[in-house]
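The values are calculated or read from the model by the stated rules, or taken from the named source; none is laboratory data. If you're wondering where the values come from, they're calculated on a predicted model, not measured in any experiment. A quick note on method: Cβ atoms are made from the backbone with ideal geometry, for glycine too, and the neighbour counts reach across all protein chains shown.
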Amino acid sequence: MSLDKPLSRRSFLSFSALTAASALAGCASTSNTVENGGMSISYRSPFRAFQTTSVPGEAELAVMYGPIEDGGFLIPAVPYQQIDPRYYRQQVVDPTGQPPGTIVVDTPSRFLYLVQPGGMAMRYGVGIGREGFAWSGNGVIQWKQKWPRWKPPNEMVARQPELAKYSIERGGMEPGLLNPLGARALYIFSDDEDTLYRLHGNPEWRSIGKAVSSGCVRLLNQDIIDLYDRVPNKTPIVVWQ
């Protein structure tokens with residue numbers, strides 16, 4: 001998908017309506033450079049980054065990222081004070097121009113948006129792995145799963161032979177707090193085919209906002225549970241790189 005694609009009419013109107021506010025909001029395009037396999041790769045976000053309209057307070061954050069008992073597992077609290085506040089789950093002015101109910105992954109900026117009515121969106125911070133840069137385009141959430149088994153693709157096993165014990169042929173890794181897919185997984189299909197691209201939970205909070213060695217799009221376990229509960233199967237998704 002070309003990063004030089006013109007803004008949609010809705011995006012243009014949204015931007016025009018917010019021109020006055022953008023002076024205060026620090027409106028800017030974002031660009032990122034990540035290290036991938038020893039090669040430096042630059043990405044430019046197709047979105048203009050508006051600051052949030054409502055930042056969660058301390059009491060709200062303590063509840064939002066507190067411990068959760070779920071599916072027989074106790075998900076530990078997230079030390080959110082050690083995470084960049086821009087990656088907290090929060091409601092923002094929608095910068096995507098997509099219809100309400102659409103998930104948009106802004107890969108370079110490490111944000112995932114769930115577009116809401118009224119020109120707003122719920123924004124989540126994400127971490128991106130090598131596989132996170134492998135696919136972009138339009139798709140749907142074909143199905144969702146709580147506490148999924150992790151089955152690394154054969155290509156990943158070939159790169160990391162130590163993962164052979166979790167291969168597809170051997171049934172994958174048992175669900176649990178150390179499972180790389182975390183508490184939830186949303187599976188993305190395009191043209192009725194599995195993209196092998198996932199939105200999933202994450203036992204490692206330090207990876208949020210970063211490009212790490214492997215995996216697709218990872219959210220804090222507390223955030224992926226929130227997203228999972230908000231979206232049905234067949235939810236449209238757009239991934240930008």
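Brief remarks follow.
- Of all residues making up the range 135-161, the number that are surrounded by fewer than 17 Cβ atoms within 10 Å (Cβ to Cβ), assigned to a helix (DSSP H, G or I) and either out of contact with any Ser or Thr (no Cβ under 9 Å at 6 or more places or on another chain) or not basic (Lys, Arg) (or both): 4
- Residue in the range 115-128 that is closer than 17 Å to Asn202 by Cα, of a type in the set (Val, Ile, Thr) and at pLDDT 95 or above present: yes
- Among the residues listed as Leu227, Leu186, the single one being of a type in the set (A, V, I, L, M, F, W, C) and part of a strand (DSSP E or B): Leu186
- Selection from the range 79-109 of residues that are crowded, with 21+ Cβ neighbours inside 10 Å, within 29 Å of Leu178 (Cβ to Cβ) and of a type in the set (A, V, I, L, M, F, W, C): Ile103, Val105
- Filtered residues of the range 121-134 (kept if buried (at least 17 other Cβ atoms within 10 Å of the Cβ) and either touching a residue at least 60 places away in the same chain (Cβ under 8 Å) or over 20 Å from Pro236 (Cβ atoms) (or both)): Met122, Arg123, Tyr124, Gly125, Val126, Gly127, Ile128, Gly129, Arg130, Glu131, Gly132, Phe133
- Any pair with Cβ under 7 angstrom, 6 or more apart, that starts in the range 164-181 at a residue that is touching a residue at least 24 places away in the same chain (Cβ under 8 Å) and ends at one that is among the polar types (S, T, N, Q) and in a loop (DSSP other than H, G, I, E, B): Met173/Asn179
- Thr102 being within 18 Å of the chain's Cα centre (by Cα), among the hydroxyl-bearing types (Ser, Thr, Tyr) and at pLDDT 95 or above: yes
- Here Ala164 fulfils each of the conditions (1) farther than 18 Å from Phe133 by Cβ; (2) outside any helix (DSSP H, G or I); (3) of a type in the set (Gly, Ala, Ser) apart from (2).
- Considering only residues in the range 195-226 that are more than 17 Å from Pro153 (Cβ to Cβ) and under 10 Å from the mean Cα position of the chain (by Cα), the one that is surrounded by the fewest Cβ atoms within 10 Å (Cβ to Cβ) turns out to be Gly209.
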